[in-house]
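Comments concern the structure below.
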Amino acid sequence: MSVPTHDAPRAPFTSVSFARLVMVSAVVVAFAGSVVTPAPALAKTPPPKAALDASAVAVPDRYSADTAQQIFAAGGNAVDAAVAIAFTLAVTAPDAGNLGGGGFMTVFMDGKPYFLDYRERAPQQATREMYLDDKGNPVPGMSAVGHRAVAVPGTVDGMWQAQRRFGKLKWKQVLGPALRYATDGFQAEPWLQQRRDAVVKTFAGKTNFDAYFSNLKAGVTYRQPELAQTLARIADDGGREFYEGRTAELIAQQMYGHGLVTKQDLIQYKAVWRQPLTADWNGYRVVTAPPPSSGGVGLIQMLKMKAALKQAFDGVELNSAPYIHLIAQIEDRVFADRQQYMGDPDSFKVPVDKLLDDVYLAQRADEVKPDEVPGATPVKPGLGDAMPEKAQTTHFSVVDKWGNAVSNTYTLNGPFGSGVVVDGGGFLLNDAMDDFVTKPSGASTAGASQPGANSLDTNTIAPGRRPLSSMTPTILLKDDKVSLVIGTPGGSRILTSIFQVMTDLYDFNMTPTDALAALRFHHQLLPRKTIYFEPYHPITGELAEQLQGMGYALEGQSFNGDVQMIRIDGTLPEPAADPRGAGVARVIR
Ligand code: DON
């Protein structure tokens, strides 16, 4: 799709000069005092009249909330704010925020929905068996830690394309806050140090992680001079610098002899505008992530199956044992389909229409029985084999006062990704290759059934292919206006978390704060009878006994999402950050 420009022509990518530090200081000075100056010369058309009383964000840390505030103060819109938040999190939340990862952005702009796929891609040298040993077994950790785990990153091109297409401010302005945090430093909070401490051993001796992150300590100012230089190059020369300039050289050097990503892979990488997935549900229009995410399909399937089971749910108390039992059966069916049919739509024709067909979903819902014994009946993929042609991520939600919205989830995959930092570039690279099926019927690091572990091989490794994702940045529209912006990290827990929060909001009329604080559980097809619970709201006592009595096994998990959402009911947006995390919900006037 062509990318129309809406403002003054931007500097084309040029080869990079060596005097970066001068430029870094210049941009930093422009942002001193936390004020972003507007770019009056750039706005061709006056902004439309405000539709809302305020803008709002729900973001994973306080620094990115401050960034959004600066961008809105400068006259930026939701996309400007989103891009600035994404770059800021790459500095202040390096466990998940990133330049070296990828993600998805769902946008509602000037009354129309859009979806940007900036998912990582397998390098050209990648092969289907690249993580298997001589006996055909996956080498433990190889797809998750170190150089060979790295896929071609998409974040910078994604941000570049989004901002060029929809942003109002200058690109350089939008990168300003991130650059300031990298140059001047920021104070890490205890949660960030804890996350760092948790991975140090995994990466020790295998990556250069510690050389860069040993100083990341709670309460101590953490500066990232190499990252500042990278951000300055990108700010100066545009997003393609990452793929074609000095930064690309640094990535290729880092990979040389150890990993597979080459300069050619980087040059070839382009984020893709896709048709967002849309569906009518409960008087709303759901706008969500299409393949290569499995999340949008799964979310819509869950919502529609639950609606089709209205009678079965009638009078069933929220999060009671019978409720969890019904939802678990819905989730079995969603994950059976996900495992069989989902993959990169540029490699396979994913049967999205059939999977979302109302008649099909009503039939699938019909299989759900209140008195079913957990695990007793095999749950098969619903379309049969006659296939047609065959914990780290982060989310933020943004609305601006003009009624535009961005729902963005992006990731390095595992916490701090592969643990490999680009020497001289100062940023981490992803381990997204771990989202592929390394061996059909193997187990993924998420402890889930491997998506695509099937005879159709929809998620095996192939050069250029995107690994299947669960990221589900979602927007709900009511009467063509934004009503909810929602998303979360959590791997396969993403879709079940979003589904539960939406159900709490709309079927149980909870406030956004209550919906986020409510109990959440997770279940997927495999392991067949396991209900996962979380420390925030453990399943204990009578509820635990009831579920165990029904035949379920209960298992604690450390994480069940960090949902960031904004509801709009009227003209004042109501942001809410998940109490499980360190997120910030802020109304910005
Ligand atoms: O794309 C995916 O589905 C995974 N790479 C997301 C990983 C994730 O959410 C980890 N977060 N805690």
Worksheet item: Any idea which residue in the range 339-355 is modelled with the lowest pLDDT, counting only those that are surrounded by 23 or more Cβ atoms within 10 Å (Cβ to Cβ) and in contact with a strand residue (DSSP E or B) (Cβ under 9 Å, 6 or more places away or on another chain)?
Response: Q339
Worksheet item: If G452 passes every condition in (1) in a loop (DSSP other than H, G, I, E, B); (2) at pLDDT 95 or above but one, which one does it miss?
Response: (2)
Worksheet item: Does the range 124-136 contain any residue that is of a type in the set (F, W, Y), within 15 Å of the ligand (Cβ to nearest atom) and buried (at least 24 other Cβ atoms within 10 Å of the Cβ)?
Response: no
Discussion item. As an exercise: evaluate Q193 against (1) assigned to a helix (DSSP H, G or I); (2) modelled with pLDDT under 95 and give the number of the one condition it does not meet.
Written reply: (2)
Worksheet item: Are any of the residues in the range 336-350 touching a Phe, Trp or Tyr at 6+ places or on another chain (Cβ under 7 Å) and in a helix (DSSP H, G or I)?
Response: no
Worksheet item: Counting only residues that are under 12 Å from V107 (Cα atoms) and among the polar types (S, T, N, Q), which one in the range 265-288 is surrounded by the fewest Cβ atoms within 10 Å (Cβ to Cβ)?
Response: Q275
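Going residue by residue through the range 189-196, is there one that turns out to be among the basic types (K, R), buried (at least 19 other Cβ atoms within 10 Å of the Cβ) and touching a Ser or Thr at 6+ places or on another chain (Cβ under 8 Å)? Quick ask: steps written out before the conclusion?
Quick first cut of the range 189-196, residues among the basic types (K, R) only: 195-196.
Now restrict to residues that are buried (at least 19 other Cβ atoms within 10 Å of the Cβ): 195-196.
Remaining after also requiring touching a Ser or Thr at 6+ places or on another chain (Cβ under 8 Å): none.
No, the range 189-196 has no match at all.
I want to confirm something. Restricting to the range 239-296 and keeping residues that are within 16 Å of the ligand (Cβ to nearest atom) and hydrophobic (A, V, I, L, M, F, W, C), which single residue is nearest to T393 (Cα to Cα)?
Residues of the range 239-296 that are within 16 Å of the ligand (Cβ to nearest atom), as a first pass: 271-272, 274, 277, 288-296.
From the residues that got through so far, the ones that are hydrophobic (A, V, I, L, M, F, W, C) too are 271-272, 277, 289.
Numbers: A271: 18, V272: 20, L277: 21, A289: 16 Å.
Step by step, filter the range 239-296, then rank; the result is A289.
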Worksheet item: If you go through the range 485-513 one residue at a time, how many are within 17 Å of the chain's Cα centre (by Cα) and away from the ligand (no atom under 16 Å from the Cβ)?
Response: 1
Worksheet entry | Failed criterion for A228 (all others in (1) surrounded by 23 or more Cβ atoms within 10 Å (Cβ to Cβ); (2) under 23 Å from N413 (Cβ atoms); (3) of a type outside the set (S, T, N, Q) hold) | (2)
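Okay, residues lined up against (1) closer than 21 Å to T474 by Cβ; (2) within 16 Å of the ligand (Cβ to nearest atom):
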| site | (1), (2) |
| --- | --- |
| Q363 | no, no |
| P378 | no, no |
| V398 | yes, no |
| N408 | yes, yes |
| P415 | no, yes |
| D431 | no, yes |
Fill in: Pair list, Cβ under 8 Å, 6 or more apart: the range 245-261 residue of a type in the set (S, T, Y), other residue surrounded by 20 or more Cβ atoms within 10 Å (Cβ to Cβ)
T247/T230; T247/R233; T247/I234; T247/E241; T247/V422; T247/G425
Worksheet item: Among the residues of the range 557-576 satisfying the criterion of being in a loop (DSSP other than H, G, I, E, B) and more than 16 Å from the ligand (Cβ to nearest atom), which is surrounded by the fewest Cβ atoms within 10 Å (Cβ to Cβ)?
Response: G570
Fill in: Single unsatisfied condition, E317 versus (1) of a type outside the set (A, V, I, L, M); (2) within 16 Å of the ligand (Cβ to nearest atom); (3) surrounded by fewer than 21 Cβ atoms within 10 Å (Cβ to Cβ)
(2)
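The values are calculated or read from the model by the stated rules, or taken from the named source; none is laboratory data. Owing to the predicted nature of the structure, the values given are computational and were not obtained by experimental measurement. Cβ atoms come from the backbone with ideal geometry, glycine included; neighbour counts cover every protein chain shown.
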